[in-house]
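> This is the structure I want to talk about, given as C-alpha coordinates.
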Amino acid sequence: MGKFTGKRALVTGAGAGIGRALAIKLSEMGAEVFALSKTAANLDSLKAECPSLTTVCVDLSDWTAAREAVKKLTPIHLLVNNAAAVILQPFLTATPESFDVQFNINVKALMNVSQVVAGDLIAQNQRGSIVNISSQAGQRAILDHTVYCSTKAAVDMMTKMMALELAPKGVRVNAVSPTVVMTAMGRIGWSDPAKAGPMLARIPQGRFAEVEDVVRAIVYLLSDESDMVNGHMLPVDGGFLAS
(Lines give C-alpha, C1' and ligand atoms only; values in the text may rest on other atoms or scores of the structure.)
Protein backbone atom coordinates (compact mmCIF):
# COMPACT_ATOMS: atom_id res chain seq x y z
CA MET A 1 0.00 0.00 0.00
CA GLY A 2 1.33 3.42 -0.93
CA LYS A 3 1.15 6.44 1.34
CA PHE A 4 -1.66 7.93 -0.78
CA THR A 5 -3.59 4.77 -1.67
CA GLY A 6 -7.29 5.58 -1.87
CA LYS A 7 -6.66 9.30 -2.38
CA ARG A 8 -7.51 11.27 -5.50
CA ALA A 9 -4.95 13.94 -6.41
CA LEU A 10 -5.06 16.84 -8.87
CA VAL A 11 -1.89 18.57 -10.06
CA THR A 12 -2.21 21.68 -12.24
CA GLY A 13 0.56 22.63 -14.63
CA ALA A 14 1.44 18.95 -14.77
CA GLY A 15 2.82 18.85 -18.29
CA ALA A 16 6.40 19.74 -17.41
CA GLY A 17 8.81 20.62 -14.62
CA ILE A 18 7.76 20.31 -10.99
CA GLY A 19 4.16 19.44 -11.81
CA ARG A 20 5.11 16.59 -14.10
CA ALA A 21 7.57 15.07 -11.62
CA LEU A 22 5.03 15.44 -8.81
CA ALA A 23 2.22 13.78 -10.77
CA ILE A 24 4.46 10.77 -11.43
CA LYS A 25 5.60 10.62 -7.79
CA LEU A 26 2.04 10.76 -6.42
CA SER A 27 1.01 8.02 -8.81
CA GLU A 28 3.93 5.88 -7.63
CA MET A 29 2.78 6.51 -4.04
CA GLY A 30 -0.64 5.05 -4.73
CA ALA A 31 -2.79 8.09 -5.47
CA GLU A 32 -5.26 8.24 -8.33
CA VAL A 33 -3.72 11.20 -10.15
CA PHE A 34 -5.31 13.73 -12.47
CA ALA A 35 -2.69 15.72 -14.38
CA LEU A 36 -3.97 19.02 -15.72
CA SER A 37 -2.30 21.17 -18.37
CA LYS A 38 -3.31 23.30 -21.35
CA THR A 39 -0.61 21.70 -23.54
CA ALA A 40 -1.89 18.46 -25.09
CA ALA A 41 1.52 17.32 -26.37
CA ASN A 42 3.00 17.46 -22.86
CA LEU A 43 0.07 15.49 -21.47
CA ASP A 44 0.41 12.87 -24.19
CA SER A 45 4.07 12.29 -23.35
CA LEU A 46 3.27 12.22 -19.62
CA LYS A 47 0.56 9.61 -20.19
CA ALA A 48 3.03 7.53 -22.20
CA GLU A 49 5.54 7.77 -19.34
CA CYS A 50 3.01 7.11 -16.58
CA PRO A 51 -0.05 5.28 -17.99
CA SER A 52 -1.77 4.98 -14.59
CA LEU A 53 -2.62 8.68 -14.36
CA THR A 54 -5.45 10.55 -16.07
CA THR A 55 -4.74 13.66 -18.14
CA VAL A 56 -6.98 16.72 -18.27
CA CYS A 57 -6.42 19.30 -21.01
CA VAL A 58 -7.89 22.71 -20.15
CA ASP A 59 -6.76 26.33 -20.13
CA LEU A 60 -6.94 27.61 -16.55
CA SER A 61 -7.25 31.20 -17.76
CA ASP A 62 -10.79 30.28 -18.87
CA TRP A 63 -12.68 30.52 -15.56
CA THR A 64 -15.78 28.62 -16.65
CA ALA A 65 -14.05 25.87 -18.66
CA ALA A 66 -11.58 25.23 -15.85
CA ARG A 67 -14.34 25.14 -13.25
CA GLU A 68 -16.39 22.65 -15.23
CA ALA A 69 -13.38 20.43 -15.92
CA VAL A 70 -12.42 20.27 -12.24
CA LYS A 71 -16.01 19.63 -11.11
CA LYS A 72 -15.98 16.43 -13.18
CA LEU A 73 -12.95 15.16 -11.23
CA THR A 74 -14.28 15.58 -7.70
CA PRO A 75 -13.77 14.40 -5.07
CA ILE A 76 -10.14 15.51 -4.99
CA HIS A 77 -8.43 14.88 -1.64
CA LEU A 78 -5.00 16.25 -2.57
CA LEU A 79 -4.71 19.41 -4.68
CA VAL A 80 -1.47 21.03 -5.84
CA ASN A 81 -1.89 24.42 -7.51
CA ASN A 82 1.32 24.40 -9.52
CA ALA A 83 0.39 26.07 -12.82
CA ALA A 84 2.02 29.47 -13.22
CA ALA A 85 2.95 32.07 -15.80
CA VAL A 86 6.04 34.25 -15.65
CA ILE A 87 6.80 37.23 -17.89
CA LEU A 88 9.89 39.21 -16.97
CA GLN A 89 9.64 42.97 -17.43
CA PRO A 90 11.15 45.98 -15.60
CA PHE A 91 8.67 47.91 -13.48
CA LEU A 92 8.58 50.96 -15.73
CA THR A 93 7.68 48.96 -18.84
CA ALA A 94 5.47 46.23 -17.32
CA THR A 95 2.38 45.91 -19.50
CA PRO A 96 -1.28 45.45 -18.59
CA GLU A 97 -1.31 42.34 -20.77
CA SER A 98 1.48 40.67 -18.76
CA PHE A 99 -0.23 41.75 -15.53
CA ASP A 100 -3.50 40.10 -16.58
CA VAL A 101 -1.87 36.88 -17.83
CA GLN A 102 0.16 36.36 -14.66
CA PHE A 103 -2.54 37.27 -12.15
CA ASN A 104 -5.14 35.20 -14.04
CA ILE A 105 -3.04 32.02 -13.88
CA ASN A 106 -1.01 32.50 -10.71
CA VAL A 107 -3.78 33.80 -8.45
CA LYS A 108 -7.26 33.78 -9.98
CA ALA A 109 -7.05 30.23 -11.38
CA LEU A 110 -5.67 29.00 -8.06
CA MET A 111 -8.74 30.46 -6.31
CA ASN A 112 -11.07 28.98 -8.92
CA VAL A 113 -9.73 25.41 -8.78
CA SER A 114 -9.48 25.49 -4.98
CA GLN A 115 -13.06 26.72 -4.59
CA VAL A 116 -14.33 23.73 -6.55
CA VAL A 117 -12.13 21.16 -4.81
CA ALA A 118 -12.53 22.46 -1.25
CA GLY A 119 -16.22 23.21 -1.69
CA ASP A 120 -16.88 19.64 -2.74
CA LEU A 121 -14.84 18.14 0.11
CA ILE A 122 -16.64 20.27 2.68
CA ALA A 123 -20.05 19.42 1.23
CA GLN A 124 -19.19 15.72 1.55
CA ASN A 125 -17.61 16.17 4.99
CA GLN A 126 -14.27 14.82 3.74
CA ARG A 127 -10.78 15.89 4.73
CA GLY A 128 -8.21 17.20 2.28
CA SER A 129 -4.89 18.94 1.82
CA ILE A 130 -4.06 21.73 -0.63
CA VAL A 131 -0.56 22.89 -1.50
CA ASN A 132 -0.04 26.11 -3.45
CA ILE A 133 3.26 26.57 -5.27
CA SER A 134 4.53 30.01 -4.36
CA SER A 135 8.11 31.28 -4.64
CA GLN A 136 10.87 33.08 -2.79
CA ALA A 137 9.75 35.88 -5.13
CA GLY A 138 6.66 36.29 -2.97
CA GLN A 139 8.84 37.50 -0.10
CA ARG A 140 11.82 39.14 -1.81
CA ALA A 141 12.01 41.69 -4.60
CA ILE A 142 13.85 40.30 -7.64
CA LEU A 143 14.94 42.48 -10.54
CA ASP A 144 12.53 42.52 -13.51
CA HIS A 145 10.00 40.33 -11.64
CA THR A 146 7.58 43.10 -10.56
CA VAL A 147 4.35 41.43 -11.62
CA TYR A 148 5.49 37.87 -10.89
CA CYS A 149 6.67 38.81 -7.38
CA SER A 150 3.34 40.52 -6.79
CA THR A 151 1.39 37.42 -7.84
CA LYS A 152 3.37 35.21 -5.49
CA ALA A 153 2.88 37.62 -2.59
CA ALA A 154 -0.84 37.32 -3.37
CA VAL A 155 -0.52 33.50 -3.37
CA ASP A 156 1.05 33.65 0.09
CA MET A 157 -1.81 35.71 1.52
CA MET A 158 -4.43 33.61 -0.25
CA THR A 159 -2.81 30.53 1.29
CA LYS A 160 -3.23 32.06 4.75
CA MET A 161 -6.84 33.03 4.05
CA MET A 162 -7.65 29.58 2.73
CA ALA A 163 -6.02 27.99 5.78
CA LEU A 164 -7.99 30.28 8.11
CA GLU A 165 -11.35 29.57 6.53
CA LEU A 166 -11.02 25.98 5.32
CA ALA A 167 -9.09 24.22 8.09
CA PRO A 168 -12.01 24.35 10.57
CA LYS A 169 -13.92 22.39 7.91
CA GLY A 170 -11.22 19.75 7.43
CA VAL A 171 -9.12 21.11 4.56
CA ARG A 172 -5.52 22.12 5.34
CA VAL A 173 -3.77 24.61 3.07
CA ASN A 174 -0.05 25.34 2.81
CA ALA A 175 2.43 26.67 0.27
CA VAL A 176 5.91 25.77 -0.90
CA SER A 177 8.26 28.65 -1.78
CA PRO A 178 11.17 27.43 -3.89
CA THR A 179 14.21 29.30 -5.07
CA VAL A 180 15.25 28.85 -8.70
CA VAL A 181 14.51 25.22 -9.61
CA MET A 182 16.56 23.27 -12.11
CA THR A 183 13.74 22.22 -14.39
CA ALA A 184 14.51 22.12 -18.11
CA MET A 185 13.33 25.73 -18.32
CA GLY A 186 15.26 26.68 -15.19
CA ARG A 187 18.50 25.32 -16.60
CA ILE A 188 18.03 27.41 -19.74
CA GLY A 189 16.93 30.56 -17.93
CA TRP A 190 19.71 30.48 -15.36
CA SER A 191 22.57 29.06 -17.44
CA ASP A 192 24.29 32.44 -17.79
CA PRO A 193 26.86 32.80 -14.95
CA ALA A 194 26.36 36.58 -15.02
CA LYS A 195 22.70 36.06 -14.11
CA ALA A 196 23.08 32.99 -11.90
CA GLY A 197 26.12 34.17 -9.93
CA PRO A 198 24.48 36.97 -7.92
CA MET A 199 21.49 34.76 -7.07
CA LEU A 200 23.69 31.83 -6.02
CA ALA A 201 25.68 34.21 -3.85
CA ARG A 202 22.49 34.87 -1.85
CA ILE A 203 21.82 31.15 -1.23
CA PRO A 204 23.81 29.88 1.77
CA GLN A 205 23.85 26.32 0.43
CA GLY A 206 25.38 27.60 -2.79
CA ARG A 207 23.13 25.81 -5.27
CA PHE A 208 19.73 26.05 -6.89
CA ALA A 209 16.97 23.57 -6.03
CA GLU A 210 16.50 20.34 -7.94
CA VAL A 211 12.97 19.30 -8.89
CA GLU A 212 13.08 16.42 -6.38
CA ASP A 213 13.83 18.86 -3.53
CA VAL A 214 10.53 20.61 -4.21
CA VAL A 215 8.55 17.41 -4.82
CA ARG A 216 9.60 15.99 -1.44
CA ALA A 217 8.42 19.14 0.35
CA ILE A 218 5.05 19.04 -1.43
CA VAL A 219 4.58 15.36 -0.60
CA TYR A 220 5.24 16.11 3.07
CA LEU A 221 2.64 18.90 3.15
CA LEU A 222 0.05 16.74 1.38
CA SER A 223 0.56 13.85 3.78
CA ASP A 224 -0.81 13.20 7.27
CA GLU A 225 2.74 13.62 8.57
CA SER A 226 2.13 17.39 8.40
CA ASP A 227 -1.30 17.21 10.02
CA MET A 228 -0.70 20.23 12.31
CA VAL A 229 0.95 22.33 9.61
CA ASN A 230 -1.55 24.83 8.24
CA GLY A 231 -1.24 28.26 6.61
CA HIS A 232 2.52 27.84 6.30
CA MET A 233 4.90 28.93 3.53
CA LEU A 234 7.69 26.33 3.42
CA PRO A 235 10.82 27.71 1.73
CA VAL A 236 12.84 25.27 -0.39
CA ASP A 237 15.55 27.78 -1.01
CA GLY A 238 18.83 26.69 0.57
CA GLY A 239 18.51 29.55 3.06
CA PHE A 240 17.86 32.40 0.58
CA LEU A 241 15.08 33.91 2.69
CA ALA A 242 17.17 33.59 5.85
CA SER A 243 20.03 35.67 4.48
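The values are calculated or read from the model by the stated rules, or taken from the named source; none is laboratory data. Small disclaimer: the values here were computed from a predicted structure and weren't measured. Cβ sites come from the backbone with ideal geometry, for glycine too, and all protein chains shown count toward neighbours.
> Scan segment 16-41 for residues that are in a helix (DSSP H, G or I) and either touching a strand residue (DSSP E or B) at 6+ places or on another chain (Cβ under 7 Å) or closer than 11 Å to Asn82 by Cα (or both) and jot them down.
Matches in segment 16-41: Gly17, Ile18, Gly19, Arg20, Leu22, Ala23, Leu26, Ser27, Ala40.
> Given (1) over 17 Å from the mean Cα position of the chain (by Cα); (2) without any contact (Cβ under 8 Å) to a residue 24 or more places away in the chain, where does Ser52 come up short, assuming only one miss?
For Ser52, the failing item is (2).
> OK, next. Could you check, for segment 184-207, whether at least one of its residues is out of contact with any Gly (no Cβ under 8 Å at 6 or more places or on another chain), among the aliphatic types (A, V, I, L, M), outside any helix (DSSP H, G or I) and touching a residue at least 12 places away in the same chain (Cβ under 8 Å)?
Looking through segment 184-207, none of the residues is out of contact with any Gly (no Cβ under 8 Å at 6 or more places or on another chain), among the aliphatic types (A, V, I, L, M), outside any helix (DSSP H, G or I) and touching a residue at least 12 places away in the same chain (Cβ under 8 Å).
> Please work out if Met228 is out of contact with any Leu (no Cβ under 7 Å at 6 or more places or on another chain), at negative phi and either outside any helix (DSSP H, G or I) or charged (D, E, K, R) (or both).
Taking the combined requirement at face value, the residue satisfies it.
> Considering only segment 160-180, I want to know if a residue exists there that is under 30 Å from Leu92 (Cβ atoms) and among the polar types (S, T, N, Q).
Scanning segment 160-180 turns up at least one residue that is under 30 Å from Leu92 (Cβ atoms) and among the polar types (S, T, N, Q).
> Of the residues that sit in segment 187-212 and are surrounded by 20 or more Cβ atoms within 10 Å (Cβ to Cβ) and not aromatic (Phe, Trp, Tyr), which one is farthest from Ser134 (Cα to Cα)?
Ile203
> Could you please find all residues in segment 62-100 being surrounded by 12 or more Cβ atoms within 10 Å (Cβ to Cβ), among the acidic types (Asp, Glu) and farther than 16 Å from Ser114 by Cβ?
Within segment 62-100, Asp62, Asp100 qualify.
> Which numbered condition in (1) over 30 Å from Ser27 (Cα atoms); (2) in contact (Cβ under 8 Å) with a residue 40 or more places away in the chain is the only one that Lys152 fails?
(1)
> Residue check: is Ser52 at pLDDT 95 or above, surrounded by fewer than 16 Cβ atoms within 10 Å (Cβ to Cβ) and assigned to a helix (DSSP H, G or I)?
no
> Go through the residues of segment 156-170 one by one and say whether even a single one is part of a strand (DSSP E or B) and closer than 21 Å to Gly231 by Cβ.
No, that holds for no residue.
> Further, regarding this structure: Quick check on Ala40: is it buried (at least 19 other Cβ atoms within 10 Å of the Cβ), on the phi < 0 side of the Ramachandran plot and modelled with pLDDT of 95 or more?
no
> Might you let me know whether segment 108-129 holds any residue that is exposed (fewer than 15 other Cβ atoms within 10 Å of the Cβ), touching a strand residue (DSSP E or B) at 6+ places or on another chain (Cβ under 8 Å), among the β-branched types (Val, Ile, Thr) and at pLDDT 95 or above?
Checked segment 108-129: no residue is exposed (fewer than 15 other Cβ atoms within 10 Å of the Cβ), touching a strand residue (DSSP E or B) at 6+ places or on another chain (Cβ under 8 Å), among the β-branched types (Val, Ile, Thr) and at pLDDT 95 or above.
> What's the total number of residues in segment 66-122 that are assigned to a loop (DSSP other than H, G, I, E, B), under 20 Å from the mean Cα position of the chain (by Cα) and among the small types (Gly, Ala, Ser)?
The qualifying residues number 3.
> Select from segment 130-155 the residues that are assigned to a loop (DSSP other than H, G, I, E, B) and more than 19 Å from the chain's Cα centre (by Cα) and write down the one among them that is surrounded by the most Cβ atoms within 10 Å (Cβ to Cβ).
Ile142
> Ok, one more. Cβ contacts < 6 Å: first residue under 22 Å from Val11 (Cα atoms), restricted to segment 80-95; second residue in a loop (DSSP other than H, G, I, E, B) and modelled with pLDDT of 95 or more, any location; separation 6+ or different chain. Result?
Within 6 Å, the pairs are Asn82/Gly13; Ala83/Gly13; Ala83/Leu60.
> Restricting the search to segment 130-176, which residues are on the phi > 0 side of the Ramachandran plot and at pLDDT below 95?
Passing the criteria: only Asp144.
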